[in-house]
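What follows draws every value from the coordinates through simple rules; no lab data is involved. Model, not experiment: these values are computed from the prediction. No Cβ is skipped: glycine too gets one built from the backbone with ideal geometry, and neighbour counts run over all protein chains shown.
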Amino acid sequence: MPEDIVYQHPLFGGKISSTFPHRFQDVSSIRQVPDHQEVFADPSRDESLIFELLEFKPDVADNGSAGWFLQDLASEQDAEGSVVIEQSGVLEAPGLMYNNTPAVVTTAVGQMAISKGRQGREAQNIVKVYLANLRLRGVDTDVLVSAYEPIVINPLSESADTVGAGVAVPAAQAGCMPMDEVFKLAVTSFRVHDWGLF
């Protein structure tokens, strides 16, 4: 079975980097992506990995922050039946400390029904979403790393043309690194090379 080739991807002009499989291609070469995001996708599996830089949200507590951002993301995408399946506690991220200000990370996993692009609710896919919130207090930034893994593809979804409708083929069966491992690798390898970005 073929193995996924992983390498360190430069993000935001090389000021940040993260390691994940080569099969995730930069979406900005296909469509416009907002400046505060880096979006990568594997169209053959309808999986995606998104890095987002947001202004720090002081009113959101560290404990459960990833769950809060996951629910925020669900409402932003007009998702239905959004549920948080699991949440981590608060973990220190010593490698992301800036000016002696510690950084922390929390993670959450959820499931929701969302449509692609401008498609309506009748074309919703059931998707598992992995989200990490890296809280870089020293530079007033909340970093979100989110990974999308389809569970069931709706026959009316534009994804059905590429991936096929019905229950998605498990990654291991397709010879790919499972999305939970892709997510874990992307988050644990996340590095800031130039703090001037913030």
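Structural remarks
- Secondary-structure-derived ellipticity at 222 nm for the chain, considering helices only, amounts to -4000 deg cm²/dmol, per-run term -39500 (n - 2.57) for DSSP H runs with n ≥ 4.
- Amide hydrogen proximity for THR141: with H placed 1.01 Å from N in the peptide plane, the residues at 5 or more positions away or on another chain lying under 5 Å are PHE56, LEU136.
- Total formal charge among the other residues, if their Cβ is under 13 angstrom from that of LYS15, Lys/Arg +1 and Asp/Glu -1: -2
- Relative contact order [Cα under 8 Å, 6+ residues apart], the chain, whole percent: 23
- Local electrostatic count, GLY64, Cβ distance below 14 Å [Lys/Arg +1, Asp/Glu -1]: -3
- For the range 178-184, 3J(HN,Hα) computed residue by residue from phi via the Karplus equation (6.51, -1.76, 1.60; θ = phi - 60°) reads x, 4, 5, 6, 4, 4, 4 Hz, glycine and proline entered as x.
- Backbone geometry of the range 40-50 corresponds, through the Karplus equation with coefficients 6.51, -1.76 and 1.60 at θ = phi - 60°, to 3J(HN,Hα) couplings of 10, 9, 10, x, 5, 10, 6, 9, 9, 9, 10 Hz, x marking Gly and Pro.
- Angle between the chain longest axis and helix 65-76 axis [Cα atoms, degrees, rounded to 10]: 40
- With the highest mean first, a sort of the peptides 175-183, 22-30 on other beta-carbon atoms found within 10 angstrom per residue produces 175-183, 22-30.
- As computed over the chain, the Cα convex hull volume per residue (Å³): 118
- Peptide packing for 141-150, 99-108, 71-80 was compared via the average number of neighbouring C-beta atoms within 10 Å per residue; ordered from the highest value, the list is 141-150, 99-108, 71-80.
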